[in-house]
Amino acid sequence: MKERRIPAIKDGTVIDHIPSRDTFRIIRILNPQEFKYPINLALNLDSKKMDSKGVIKINSRFLTQSEVNKIAILAPNATVSIIKNYKVMEKIQVKLPEELVGVLNCTNPVCITSKEIVISKFKVLREEPLEVKCHYCERVYGKDEVEIKR
Amino acid sequence: MNFKGRDVISVRDFSKSDLIYILKIAKEMEKEKPKLLDGKILAALFFEPSTRTRLSFESAMFRLGGKVLGFSDEKVTSVKKGETVWDTIKMAERYSDVIVIRSPVEGSARLAAEAASIPVINGGDGANQHPTQMLLDLYTIQKIKKKIEGLKIGFLGDLKYGRTVHSLAIALSFWKVEMCFIAPDALQMPEHYIKELREKGIKCHKTSDVFEVSPKLDILYVTRIQQERFPDPLEYEKYKNAYRLDITLLDHIKKELKIMHPLPRVGEINAELDDTEHAIYFEQAANGVAVRKALLALVLGKEK
Ligand SMILES: [Zn+2]
């Protein structure tokens with residue numbers, strides 16, 4: 001299936017090169033229920049760069065830096081394009097920072113971050129496959145285990 | 001090397017040269033230095049009771065001429081009423097020069113270090129870290145064997161949940177050693193540790209049969225199987241008696257093998273081994289004082 005079958009958008013954001021299986025998780029981080037305009041989503045698309053990719057096209061909305069950073073957690077090779085009047089105005093290669101501050105929840109029930117008001121901090125041990133470590137309890141999480149704050 | 005003002009929270013905070021330096025200072029601390037920390041106050045904040053760790057820290061501070069204040073059970077403090085670790089530290093740092101914190105909540109010590117402007121030493125944070133135990137284990141090995149390089153070290157017992165084993169293995173991996181992990185499959189060393197050790201060039205071997213590897217070991221580090229770490233009590237029942245070492249072990253070891261244990265034991269090592277030249281676990285515990293003296297002096301910048 002060719003990507004061009006997804007309708008082009010006039011203004012908004014296109015997130016490309018998402019691993020197919022993570023497309024729904026990415027949509028969920030962005031709180032789509034709060035969007036006022038249509039979102040087009042496709043997955044299981046052929047890709048030269050990866051096995052099978054997903055694409056999300058969001059009409060009339062631009063992402064914040066913090067949203068772009070969250071995308072990087074699940075899709076370190078994604079590209080985010082800003083579209084204005086059907087033209088790509090800017091192409092952002094997402095980048096995972098070395099440290100994720102206030103982005104993830106530690107799901108360890110005996111971690112201090114679940115007992116006291118502490119800003120969570122995770123060190124990125126590896127990008128792919130993702131491995132992050134809680135700065136406090138030192139527990140290591142993989143991609144399927146991380147809980148991204150909404 | 002300058003340790004003044006540093007926190008001691010996790011095995012991950014140390015380089016090899018840090019460890020070598022701490023061991024060197026610990027050796028010097030075997031001597032009496034009754035005035036070294038004169039006028040200094042240690043706040044020992046024990047949010048859960050731990051007699052051994054607390055007594056060892058208190059002894060270390062008193063032997064260096066310092067004083068200790070604190071509490072040793074959260075029931076007697078306002079912590080139960082909801083006072084946070086953060087607030088407790090903000091209060092305690094005004095009364096003391098160095099803090100030791102012990103808590104069942106993982107990451108408490110790291111948070112305490114961020115709250116405090118004075119050095120914080122982790123006296124154990126749940127299943128996470130217990131760096132002074134790791135250092136006294138390392139010190140004991142070096143003291144008894146006169147070296148670390150080239151040793152063959154066996155770990156026996158609960159290697160899955162046992163934090164002392166994880167920390168000690170990581171610390172030892174700075175040296176070229178060989179490690180054998182002896183446990184039932186369900187309690188084996190987590191795979192990510194094995195992977196990390198192998199990436200550092202450590203030869204690792206896993207088995208459930210202690211006699212398979214014991215003849216070549218220099219150190220056998222035994223841990224107890226801790227009930228509280230098991231999510232399922234039935235699992236615990238299945239494994240609690242997995243290993244019970246007794247004098248039959250003597251037919252399967254080198255003359256120089258030393259047996260270590262972080263104590264307390266609950267039957268993993270029969271008392272009949274205590275009087276053999278292999279048992280060093282009581283000496284190991286006693287080494288905790290020299291190591292804690294060294295750490296207190298180091299973080300207060302008074303080791304010389
Ligand atoms: Zn945590």
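Among the residues of the range B:93-114, are any within 14 Å of chain A (Cβ to nearest Cβ), in contact with a Leu (Cβ under 7 Å, 6 or more places away or on another chain), within 16 Å of the ligand (Cβ to nearest atom) and among the hydrophobic types (A, V, I, L, M, F, W, C)?
No, that holds for no residue.
So which of B:ILE225, B:ILE259, B:ILE219, B:ILE269 ends up being assigned by TED's automatic domain parsing to the domain that holds B:THR140, farther than 16 Å from B:PHE181 by Cα, among the β-branched types (Val, Ile, Thr) and touching a Leu at 6+ places or on another chain (Cβ under 9 Å)?
So the residue among B:ILE225, B:ILE259, B:ILE219, B:ILE269 that is assigned by TED's automatic domain parsing to the domain that holds B:THR140, farther than 16 Å from B:PHE181 by Cα, among the β-branched types (Val, Ile, Thr) and touching a Leu at 6+ places or on another chain (Cβ under 9 Å) is B:ILE269.
Residue check: is B:ALA297 in contact with a Leu (Cβ under 8 Å, 6 or more places away or on another chain) and within 19 Å of B:THR164 (Cα to Cα)?
no
From (1) over 24 Å from the mean Cα position of the chain (by Cα); (2) away from chain A (no Cβ under 14 Å); (3) within 19 Å of B:GLY123 (Cβ to Cβ), pick out the condition that doesn't hold for B:PRO34.
Exception for B:PRO34: condition (3).
Is the range A:133-147 home to any residue that is touching a residue at least 60 places away in the same chain (Cβ under 8 Å), open to solvent by 30 Å² or more (accessible area, probe 1.4 Å) and under 13 Å from the mean Cα position of the chain (by Cα)?
yes
Residue-by-condition table, conditions (1) polar (S, T, N, Q); (2) within 13 Å of chain B (Cβ to nearest Cβ); (3) out of contact with any Leu (no Cβ under 7 Å at 6 or more places or on another chain):
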site	(1), (2), (3)
A:SER60	yes, no, yes
A:MET89	no, no, yes
A:VAL103	no, no, yes
A:GLU131	no, yes, no
A:GLY142	no, yes, no
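Any residue in the range B:217-229 that is in a helix (DSSP H, G or I) sitting within a Cβ distance under 7 Å of a residue that is open to solvent by 10 Å² or more (accessible area, probe 1.4 Å)? List the pairs, counting only those 6 or more apart or interchain.
Once the first residue is in a helix (DSSP H, G or I) and sits in the range B:217-229, its partners that are open to solvent by 10 Å² or more (accessible area, probe 1.4 Å) give B:GLN227/B:TYR236; B:ARG229/B:ALA127; B:ARG229/B:TYR161.
Output the strands (runs of 3 or more DSSP E) that fall wholly within the range A:100-150 and possess 1 or more residues being within 11 Å of the ligand (Cβ to nearest atom) and farther than 17 Å from B:GLU191 by Cα, or say none.
Passing ranges, in order: A:121-126, A:131-134.
Does B:LEU64 fit the bill of being touching a helix residue (DSSP H, G or I) at 6+ places or on another chain (Cβ under 8 Å), assigned by TED's automatic domain parsing to the domain that holds B:PRO104, modelled with pLDDT of 95 or more and open to solvent by 10 Å² or more (accessible area, probe 1.4 Å)?
No; evaluated as a whole, the condition is false for this residue.
Look at the range B:7-45 and say how many of its residues are assigned to a loop (DSSP other than H, G, I, E, B) and aromatic (Phe, Trp, Tyr).
1
What tally of residues in the range B:3-20 results from selecting those that are farther than 20 Å from B:GLY123 by Cα and free of Cβ contacts under 8 Å to residues at least 40 places away in the same chain?
Result for the range B:3-20: 2.
Please enumerate the residues belonging to the range B:190-215 that are β-branched (Val, Ile, Thr) and not in a helix (DSSP H, G or I).
Result: B:ILE202, B:THR207.
Pull up the range A:105-129, narrow it to residues that are open to solvent by 70 Å² or more (accessible area, probe 1.4 Å) and under 19 Å from B:TRP86 (Cβ atoms), then point me to the one that is farthest from the other protein chains (Cβ to nearest Cβ).
Step by step, filter the range A:105-129, then rank; the result is A:ILE119.
The values are calculated or read from the model by the stated rules, or taken from the named source; none is laboratory data. Predicted model only: the values in this text are computed from it and were never measured. Heads up, the Cβs are rebuilt from the backbone with ideal geometry, glycines too, and the neighbour counts pull from every protein chain shown. Only protein heavy atoms, including side chains, enter the accessible area calculation; ligands, DNA and RNA are left aside. Shrake-Rupley method; radii C 1.70, N 1.55, O 1.52, S 1.80 Å.
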